[in-house]
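Report on the structure given below.
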(Lines give C-alpha, C1' and ligand atoms only; values in the text may rest on other atoms or scores of the structure.)
Protein backbone atom coordinates (compact mmCIF):
# COMPACT_ATOMS: atom_id res chain seq x y z
CA UNK A 1 0.00 0.00 0.00
CA UNK A 2 1.07 3.59 -0.66
CA UNK A 3 2.80 5.84 1.85
CA UNK A 4 1.96 9.54 1.54
CA UNK A 5 4.53 12.04 2.84
CA UNK A 6 2.96 15.08 4.47
CA UNK A 7 5.18 18.11 4.97
CA UNK A 8 4.80 19.94 8.28
CA UNK A 9 6.29 23.34 9.09
CA UNK A 10 7.09 23.20 12.81
CA UNK A 11 7.66 26.77 14.02
CA UNK A 12 8.93 27.34 17.57
CA UNK A 13 10.01 23.74 17.92
CA UNK A 14 13.16 24.64 19.87
CA UNK A 15 11.06 25.61 22.89
CA UNK A 16 10.38 23.16 25.73
CA UNK A 17 6.87 22.19 24.65
CA UNK A 18 7.67 22.21 20.95
CA UNK A 19 10.69 19.95 21.38
CA UNK A 20 9.42 17.46 23.94
CA UNK A 21 5.71 17.03 23.31
CA UNK A 22 5.32 17.92 19.65
CA UNK A 23 8.58 16.90 17.99
CA UNK A 24 9.93 14.01 20.09
CA UNK A 25 6.80 12.45 21.58
CA UNK A 26 4.48 13.14 18.65
CA UNK A 27 5.98 13.60 15.17
CA UNK A 28 9.14 11.54 15.72
CA UNK A 29 7.15 8.88 17.56
CA UNK A 30 4.72 8.68 14.61
CA UNK A 31 7.64 8.32 12.20
CA UNK A 32 9.20 5.60 14.34
CA UNK A 33 5.97 3.60 14.36
CA UNK A 34 5.85 3.72 10.58
CA UNK A 35 3.46 6.62 10.12
CA UNK A 36 -0.29 7.02 10.60
CA UNK A 37 -2.34 4.09 9.33
CA UNK A 38 -5.35 5.06 7.21
CA UNK A 39 -8.60 3.03 6.93
CA UNK A 40 -7.77 2.01 3.34
CA UNK A 41 -4.46 0.44 4.39
CA UNK A 42 -2.33 3.34 3.19
CA UNK A 43 -0.05 5.39 5.46
CA UNK A 44 0.68 9.03 6.19
CA UNK A 45 4.32 9.84 6.95
CA UNK A 46 5.08 13.22 8.59
CA UNK A 47 7.99 15.09 7.00
CA UNK A 48 8.85 17.97 9.36
CA UNK A 49 10.85 21.09 8.61
CA UNK A 50 12.11 22.72 11.81
CA UNK A 51 11.64 26.50 11.75
CA UNK A 52 12.97 29.06 14.20
CA UNK A 53 15.15 32.11 14.68
CA UNK A 54 18.23 30.33 16.06
CA UNK A 55 19.95 28.34 13.33
CA UNK A 56 22.43 26.71 15.72
CA UNK A 57 19.62 25.34 17.89
CA UNK A 58 17.78 24.07 14.83
CA UNK A 59 20.88 22.35 13.48
CA UNK A 60 21.58 20.71 16.83
CA UNK A 61 18.00 19.47 17.12
CA UNK A 62 17.91 18.16 13.56
CA UNK A 63 21.26 16.42 13.95
CA UNK A 64 20.28 14.77 17.23
CA UNK A 65 17.11 13.27 15.78
CA UNK A 66 18.25 12.50 12.24
CA UNK A 67 16.26 15.19 10.44
CA UNK A 68 17.54 17.06 7.42
CA UNK A 69 15.16 20.01 6.97
CA UNK A 70 15.61 23.25 8.90
CA UNK A 71 14.71 26.84 8.00
CA UNK A 72 15.15 30.25 9.63
CA UNK A 73 13.04 32.04 7.01
CA UNK A 74 9.36 31.26 7.50
CA UNK A 75 8.47 32.64 4.06
CA UNK A 76 10.79 30.11 2.44
CA UNK A 77 9.16 27.25 4.34
CA UNK A 78 5.69 28.51 3.39
CA UNK A 79 6.70 28.79 -0.28
CA UNK A 80 7.54 25.07 -0.46
CA UNK A 81 4.51 23.25 -1.88
CA UNK A 82 5.59 20.02 -0.16
CA UNK A 83 4.71 21.62 3.16
CA UNK A 84 0.93 21.41 3.57
CA UNK A 85 0.57 21.98 7.34
CA UNK A 86 1.79 24.91 9.41
CA UNK A 87 2.25 24.20 13.12
CA UNK A 88 2.97 26.95 15.66
CA UNK A 89 4.41 26.50 19.16
CA UNK A 90 5.98 29.94 19.48
CA UNK A 91 5.29 32.31 22.34
CA UNK A 92 1.72 33.59 22.19
CA UNK A 93 2.70 37.11 21.17
CA UNK A 94 4.27 35.81 17.92
CA UNK A 95 1.62 33.24 17.00
CA UNK A 96 -1.17 35.16 15.28
CA UNK A 97 1.02 37.00 12.77
CA UNK A 98 2.69 33.77 11.67
CA UNK A 99 -0.64 31.93 11.38
CA UNK A 100 -1.97 34.73 9.16
CA UNK A 101 1.06 34.28 6.89
CA UNK A 102 0.44 30.56 6.74
CA UNK A 103 -3.27 30.98 5.95
CA UNK A 104 -2.37 33.40 3.14
CA UNK A 105 -0.01 30.73 1.78
CA UNK A 106 -2.84 28.19 1.76
CA UNK A 107 -1.47 25.96 4.52
CA UNK A 108 -3.63 23.97 6.90
CA UNK A 109 -3.18 25.25 10.46
CA UNK A 110 -2.46 23.40 13.69
CA UNK A 111 -1.26 25.37 16.70
CA UNK A 112 -0.77 25.59 20.42
CA UNK A 113 -2.99 27.72 22.60
CA UNK A 114 -3.73 30.47 23.31
CA UNK A 115 -4.13 31.10 19.59
CA UNK A 116 -3.76 34.87 20.05
CA UNK A 117 -3.30 37.53 22.71
CA UNK A 118 -6.84 38.92 22.31
CA UNK A 119 -10.29 37.58 21.52
CA UNK A 120 -10.64 39.86 18.49
CA UNK A 121 -7.47 38.43 16.98
CA UNK A 122 -8.36 34.82 17.87
CA UNK A 123 -11.74 35.21 16.13
CA UNK A 124 -10.04 36.86 13.17
CA UNK A 125 -7.81 33.80 12.75
CA UNK A 126 -10.85 31.50 12.75
CA UNK A 127 -12.59 33.74 10.21
CA UNK A 128 -9.55 33.95 7.91
CA UNK A 129 -9.07 30.17 7.98
CA UNK A 130 -12.74 29.59 7.18
CA UNK A 131 -12.68 32.05 4.28
CA UNK A 132 -9.47 30.53 2.90
CA UNK A 133 -10.93 27.03 3.15
CA UNK A 134 -7.93 25.65 5.06
CA UNK A 135 -8.41 23.02 7.72
CA UNK A 136 -7.44 24.13 11.18
CA UNK A 137 -7.00 22.75 14.66
CA UNK A 138 -5.86 23.74 18.12
CA UNK A 139 -4.00 21.55 20.62
CA UNK A 140 -6.38 20.46 23.39
CA UNK A 141 -4.16 17.79 24.84
CA UNK A 142 -5.74 17.30 28.24
CA UNK A 143 -8.80 15.69 26.67
CA UNK A 144 -6.52 12.80 25.68
CA UNK A 145 -4.98 12.21 29.10
CA UNK A 146 -5.69 8.70 30.47
CA UNK A 147 -7.24 10.09 33.65
CA UNK A 148 -9.65 12.32 31.74
CA UNK A 149 -10.48 9.57 29.24
CA UNK A 150 -11.47 7.37 32.18
CA UNK A 151 -13.52 10.22 33.61
CA UNK A 152 -15.24 10.65 30.23
CA UNK A 153 -16.03 6.92 30.25
CA UNK A 154 -17.74 7.33 33.62
CA UNK A 155 -19.76 10.31 32.40
CA UNK A 156 -20.83 8.54 29.20
CA UNK A 157 -21.91 5.46 31.19
CA UNK A 158 -24.07 7.66 33.50
CA UNK A 159 -22.07 6.56 36.55
CA UNK A 160 -22.73 9.87 38.34
CA UNK A 161 -26.39 10.34 37.59
CA UNK A 162 -26.90 14.08 37.95
CA UNK A 163 -23.55 15.85 38.36
CA UNK A 164 -23.70 18.54 41.04
CA UNK A 165 -20.23 20.02 41.26
CA UNK A 166 -16.63 19.79 40.08
CA UNK A 167 -13.48 20.81 41.95
CA UNK A 168 -10.52 21.31 39.63
CA UNK A 169 -7.17 21.76 41.39
CA UNK A 170 -4.01 22.43 39.38
CA UNK A 171 -0.53 23.61 40.22
CA UNK A 172 2.82 23.20 41.89
CA UNK A 173 5.63 25.33 43.25
CA UNK A 174 7.69 27.02 40.53
CA UNK A 175 11.02 28.01 42.05
CA UNK A 176 11.77 31.70 42.12
CA UNK A 177 15.10 31.26 40.35
CA UNK A 178 17.38 32.51 43.12
CA UNK A 179 18.46 29.40 45.02
CA UNK A 180 16.98 26.94 42.52
CA UNK A 181 16.37 27.47 38.82
CA UNK A 182 12.72 28.00 37.86
CA UNK A 183 10.96 25.21 35.96
CA UNK A 184 9.12 27.62 33.67
CA UNK A 185 10.40 30.39 31.35
CA UNK A 186 10.59 33.81 32.95
CA UNK A 187 8.25 35.39 30.39
CA UNK A 188 5.42 33.44 32.05
CA UNK A 189 5.62 35.91 34.95
CA UNK A 190 5.67 39.13 32.92
CA UNK A 191 2.29 40.47 31.82
CA UNK A 192 3.93 42.60 29.15
CA UNK A 193 5.29 39.44 27.50
CA UNK A 194 1.97 37.61 27.51
CA UNK A 195 2.51 35.78 30.80
CA UNK A 196 0.10 34.92 33.57
CA UNK A 197 -1.60 31.76 34.78
CA UNK A 198 -5.07 32.96 33.75
CA UNK A 199 -3.95 33.41 30.14
CA UNK A 200 -2.03 30.13 30.27
CA UNK A 201 -4.53 27.83 31.99
CA UNK A 202 -8.05 29.14 31.35
CA UNK A 203 -7.73 28.07 27.72
CA UNK A 204 -7.31 24.52 29.06
CA UNK A 205 -10.16 24.78 31.53
CA UNK A 206 -12.48 26.01 28.77
CA UNK A 207 -12.14 22.93 26.58
CA UNK A 208 -12.01 20.53 29.53
CA UNK A 209 -15.23 21.93 31.01
CA UNK A 210 -17.00 22.30 27.64
CA UNK A 211 -16.19 18.77 26.51
CA UNK A 212 -16.79 16.95 29.81
CA UNK A 213 -19.37 18.88 31.82
CA UNK A 214 -21.22 21.52 29.82
CA UNK A 215 -21.05 25.07 28.50
CA UNK A 216 -19.98 27.86 30.84
CA UNK A 217 -22.66 30.46 31.53
CA UNK A 218 -20.87 32.83 33.92
CA UNK A 219 -17.80 33.09 36.10
CA UNK A 220 -16.07 34.89 38.92
CA UNK A 221 -12.30 34.99 39.29
CA UNK A 222 -9.71 36.37 41.68
CA UNK A 223 -6.15 36.47 40.43
CA UNK A 224 -3.00 37.14 42.44
CA UNK A 225 0.69 37.82 41.99
CA UNK A 226 1.95 36.17 45.15
CA UNK A 227 5.66 36.23 44.27
CA UNK A 228 6.62 39.66 43.00
CA UNK A 229 10.34 39.18 42.40
CA UNK A 230 11.91 36.35 40.45
CA UNK A 231 15.26 35.59 38.79
CA UNK A 232 15.44 34.89 35.07
CA UNK A 233 17.42 32.36 33.01
CA UNK A 234 20.49 34.62 33.00
CA UNK A 235 20.49 35.02 36.76
CA UNK A 236 19.06 38.53 36.61
CA UNK A 237 16.32 39.58 39.05
CA UNK A 238 13.13 40.94 37.53
CA UNK A 239 9.74 42.18 38.67
CA UNK A 240 6.93 39.65 38.26
CA UNK A 241 3.99 41.56 36.81
CA UNK A 242 1.69 38.66 35.84
CA UNK A 243 -0.65 36.60 37.98
CA UNK A 244 0.83 33.36 39.35
CA UNK A 245 -2.42 32.08 40.90
CA UNK A 246 -6.13 32.25 40.08
CA UNK A 247 -9.19 31.21 42.08
CA UNK A 248 -12.29 30.86 39.90
CA UNK A 249 -15.88 29.61 39.99
CA UNK A 250 -17.68 28.69 36.77
CA UNK A 251 -21.46 28.33 36.60
CA UNK A 252 -22.54 26.02 33.78
CA UNK A 253 -25.75 26.26 31.78
CA UNK A 254 -26.88 22.88 33.14
CA UNK A 255 -26.49 24.02 36.76
CA UNK A 256 -23.16 22.31 37.51
CA UNK A 257 -20.78 24.45 39.58
CA UNK A 258 -17.05 24.17 38.83
CA UNK A 259 -14.44 25.48 41.25
CA UNK A 260 -11.01 25.86 39.62
CA UNK A 261 -7.82 26.71 41.50
CA UNK A 262 -4.71 27.30 39.39
CA UNK A 263 -1.39 28.07 41.05
CA UNK A 264 2.35 28.13 40.46
CA UNK A 265 2.75 28.97 44.15
CA UNK A 266 1.48 25.83 45.88
CA UNK A 267 3.18 22.75 47.30
CA UNK A 268 1.50 19.56 46.17
CA UNK A 269 -0.40 17.33 48.58
CA UNK A 270 -2.64 15.70 45.98
CA UNK A 271 -2.52 12.52 43.92
CA UNK A 272 -1.31 14.49 40.89
CA UNK A 273 -0.44 17.96 39.60
CA UNK A 274 -4.00 18.16 38.25
CA UNK A 275 -6.97 16.58 39.99
CA UNK A 276 -10.62 16.86 38.97
CA UNK A 277 -13.09 15.87 41.70
CA UNK A 278 -16.63 15.23 40.45
CA UNK A 279 -19.60 14.78 42.79
CA UNK A 280 -22.88 13.34 41.52
CA UNK A 281 -26.08 11.79 42.82
CA UNK A 282 -24.94 8.17 42.48
CA UNK A 283 -21.20 8.50 42.91
CA UNK A 284 -18.05 10.59 42.88
CA UNK A 285 -14.71 10.41 41.06
CA UNK A 286 -11.29 11.98 41.27
CA UNK A 287 -9.29 12.02 38.04
CA UNK A 288 -5.62 12.89 37.71
CA UNK A 289 -3.38 12.95 34.66
CA UNK A 290 -3.26 9.15 34.40
CA UNK A 291 -5.45 7.61 37.09
CA UNK A 292 -9.07 7.91 38.11
CA UNK A 293 -10.71 6.62 41.28
CA UNK A 294 -14.39 6.31 42.16
CA UNK A 295 -16.71 5.95 45.12
CA UNK A 296 -20.25 4.73 44.49
CA UNK A 297 -23.03 5.84 46.80
CA UNK A 298 -23.33 2.34 48.30
CA UNK A 299 -19.66 2.62 49.31
CA UNK A 300 -19.96 6.13 50.74
CA UNK A 301 -19.04 6.26 54.47
CA UNK A 302 -21.18 7.96 57.08
CA UNK A 303 -18.95 10.50 58.83
CA UNK A 304 -20.04 12.41 61.90
CA UNK A 305 -18.40 15.67 62.92
CA UNK A 306 -16.59 15.22 66.22
CA UNK A 307 -13.33 17.10 66.67
CA UNK A 308 -12.83 15.63 70.14
CA UNK A 309 -11.84 12.13 68.97
CA UNK A 310 -9.49 10.85 66.24
CA UNK A 311 -11.22 10.40 62.92
CA UNK A 312 -12.21 6.70 62.69
CA UNK A 313 -12.63 6.56 58.89
CA UNK A 314 -9.77 5.99 56.45
CA UNK A 315 -11.49 7.99 53.71
CA UNK A 316 -8.93 7.45 50.96
CA UNK A 317 -8.98 3.67 51.40
CA UNK A 318 -12.66 3.55 50.42
CA UNK A 319 -12.08 4.53 46.79
CA UNK A 320 -11.64 2.15 43.84
CA UNK A 321 -9.33 2.62 40.87
CA UNK A 322 -10.87 2.71 37.40
CA UNK A 323 -8.96 0.10 35.34
CA UNK A 324 -7.04 1.05 32.22
CA UNK A 325 -8.87 -1.47 29.97
CA UNK A 326 -6.97 -0.15 26.96
CA UNK A 327 -3.53 1.25 26.08
CA UNK A 328 -3.24 5.04 26.16
CA UNK A 329 -1.12 7.06 23.75
CA UNK A 330 0.65 10.30 24.59
CA UNK A 331 -2.15 12.90 24.43
CA UNK A 332 -0.27 15.22 22.07
CA UNK A 333 0.56 12.33 19.72
CA UNK A 334 -3.04 11.08 19.72
CA UNK A 335 -4.36 14.47 18.67
CA UNK A 336 -1.63 14.90 16.05
CA UNK A 337 -2.68 11.63 14.45
CA UNK A 338 -6.31 12.75 14.35
CA UNK A 339 -5.36 16.07 12.75
CA UNK A 340 -3.16 14.42 10.11
CA UNK A 341 -6.04 12.12 9.19
CA UNK A 342 -8.37 15.13 9.12
CA UNK A 343 -6.14 16.92 6.62
CA UNK A 344 -5.70 13.89 4.37
CA UNK A 345 -9.10 12.17 4.57
CA UNK A 346 -11.44 14.91 5.86
CA UNK A 347 -12.27 12.83 8.94
CA UNK A 348 -13.91 14.79 11.79
CA UNK A 349 -11.78 17.11 13.93
CA UNK A 350 -13.95 19.37 16.15
CA UNK A 351 -11.17 21.28 17.93
CA UNK A 352 -10.71 24.13 15.45
CA UNK A 353 -9.59 27.76 15.72
CA UNK A 354 -13.04 28.81 16.90
CA UNK A 355 -12.70 26.39 19.82
CA UNK A 356 -9.31 27.97 20.48
CA UNK A 357 -10.91 31.41 20.50
CA UNK A 358 -13.27 30.23 23.23
CA UNK A 359 -10.23 29.62 25.42
CA UNK A 360 -8.97 33.15 24.81
CA UNK A 361 -12.44 34.47 25.57
CA UNK A 362 -12.48 32.71 28.94
CA UNK A 363 -9.04 34.09 29.80
CA UNK A 364 -10.17 37.61 28.91
CA UNK A 365 -13.33 37.22 30.98
CA UNK A 366 -11.37 35.84 33.91
CA UNK A 367 -9.11 38.90 33.83
CA UNK A 368 -12.17 41.16 33.55
CA UNK A 369 -13.92 39.48 36.50
CA UNK A 370 -10.78 39.91 38.60
CA UNK A 371 -10.30 43.52 37.53
CA UNK A 372 -13.92 44.53 38.11
CA UNK A 373 -14.52 42.23 41.11
CA UNK A 374 -17.81 40.89 39.77
CA UNK A 375 -19.52 37.93 38.08
CA UNK A 376 -19.43 38.12 34.27
CA UNK A 377 -21.45 36.29 31.63
CA UNK A 378 -19.91 34.16 28.88
CA UNK A 379 -21.51 35.03 25.51
CA UNK A 380 -21.77 32.56 22.65
CA UNK A 381 -19.04 32.90 20.02
CA UNK A 382 -19.10 32.56 16.25
CA UNK A 383 -16.25 33.26 13.87
CA UNK A 384 -18.48 35.34 11.61
CA UNK A 385 -19.55 37.72 14.40
CA UNK A 386 -17.40 40.76 15.30
CA UNK A 387 -15.74 40.26 18.67
CA UNK A 388 -17.59 42.93 20.64
CA UNK A 389 -18.53 40.57 23.44
CA UNK A 390 -16.64 41.89 26.44
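Summary table below
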quantity: Single residue of 16, 31, 25 found to be at pLDDT below 95 and in the same structural domain as residue 343 (by TED's automatic domain parsing); calculated: 16
quantity: Search result, residues across region 149-192 that are under 19 Å from the mean Cα position of the chain (by Cα), over 20 Å from residue 247 (Cβ atoms) and at pLDDT below 95; calculated: 183, 185, 187
quantity: Matching residues in region 45-73 - criterion: being part of a helix (DSSP H, G or I) and buried (at least 19 other Cβ atoms within 10 Å of the Cβ); calculated: 58, 61
quantity: Those strands (runs of 3 or more DSSP E) lying entirely in region 86-172 with at least 2 residues surrounded by fewer than 17 Cβ atoms within 10 Å (Cβ to Cβ); calculated: 163-171
quantity: Residue match in region 264-273 (condition: in contact (Cβ under 8 Å) with a residue 60 or more places away in the chain, under 26 Å from residue 353 (Cβ atoms) and within 20 Å of the chain's Cα centre (by Cα)); calculated: no
quantity: Within region 43-61, considering residues that are at pLDDT 95 or above and in contact with a helix residue (DSSP H, G or I) (Cβ under 6 Å, 6 or more places away or on another chain), the one farthest from residue 18 (Cα to Cα); calculated: 44
quantity: Index of the failed condition, residue 298 passing every other in (1) within 27 Å of residue 164 (Cβ to Cβ); (2) assigned to a loop (DSSP other than H, G, I, E, B); calculated: (2)
quantity: Failed condition for residue 183, given (1) assigned to a loop (DSSP other than H, G, I, E, B); (2) surrounded by fewer than 22 Cβ atoms within 10 Å (Cβ to Cβ); (3) in contact (Cβ under 8 Å) with a residue 24 or more places away in the chain; calculated: (3)
quantity: Residue, surrounded by the fewest Cβ atoms within 10 Å (Cβ to Cβ), within region 237-250, restricted to residues that are part of a strand (DSSP E or B) and touching a residue at least 60 places away in the same chain (Cβ under 8 Å); calculated: 245
quantity: Qualifying residue in region 373-382 (condition: touching a strand residue (DSSP E or B) at 6+ places or on another chain (Cβ under 9 Å), outside any loop (DSSP other than H, G, I, E, B) and at pLDDT 95 or above); calculated: yes
quantity: Breaking point among (1) surrounded by fewer than 15 Cβ atoms within 10 Å (Cβ to Cβ); (2) without any contact (Cβ under 8 Å) to a residue 24 or more places away in the chain; (3) farther than 21 Å from residue 132 by Cβ, for residue 76; calculated: (3)
quantity: Condition broken by residue 198, with the remaining ones in (1) closer than 20 Å to residue 122 by Cα; (2) part of a strand (DSSP E or B) satisfied; calculated: (2)
quantity: Residue ID - surrounded by the most Cβ atoms within 10 Å (Cβ to Cβ), chosen from residues in region 13-42 that are out of contact with any helix residue (DSSP H, G or I) (no Cβ under 8 Å at 6 or more places or on another chain) and assigned to a helix (DSSP H, G or I); calculated: 18
quantity: Extreme residue, nearest to the chain's Cα centre (by Cα), among residues of region 274-285 that are closer than 18 Å to residue 156 by Cβ and assigned to a strand (DSSP E or B); calculated: 276
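Listed here are the residues, each with its yes/no results for (1) in contact with a helix residue (DSSP H, G or I) (Cβ under 6 Å, 6 or more places away or on another chain); (2) over 30 Å from residue 159 (Cα atoms); (3) assigned by TED's automatic domain parsing to the domain that holds residue 271; (4) at pLDDT below 95.
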position	(1), (2), (3), (4)
294	no, no, yes, no
307	no, yes, yes, yes
339	no, yes, no, no
358	yes, no, no, no
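Residue-wise test of (1) over 16 Å from the mean Cα position of the chain (by Cα); (2) in a helix (DSSP H, G or I); (3) surrounded by 12 or more Cβ atoms within 10 Å (Cβ to Cβ).
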site: 305; (1), (2), (3): yes, no, no
site: 311; (1), (2), (3): yes, no, no
site: 324; (1), (2), (3): yes, no, yes
site: 334; (1), (2), (3): no, yes, yes
site: 344; (1), (2), (3): yes, yes, yes
site: 364; (1), (2), (3): yes, yes, yes
site: 367; (1), (2), (3): yes, yes, yes
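The values are calculated or read from the model by the stated rules, or taken from the named source; none is laboratory data. The shown structure was predicted, so the numbers you read here are calculated from the model rather than taken from an experiment. All Cβ positions, glycine included, derive from the backbone under ideal geometry; neighbour counts span all protein chains shown.
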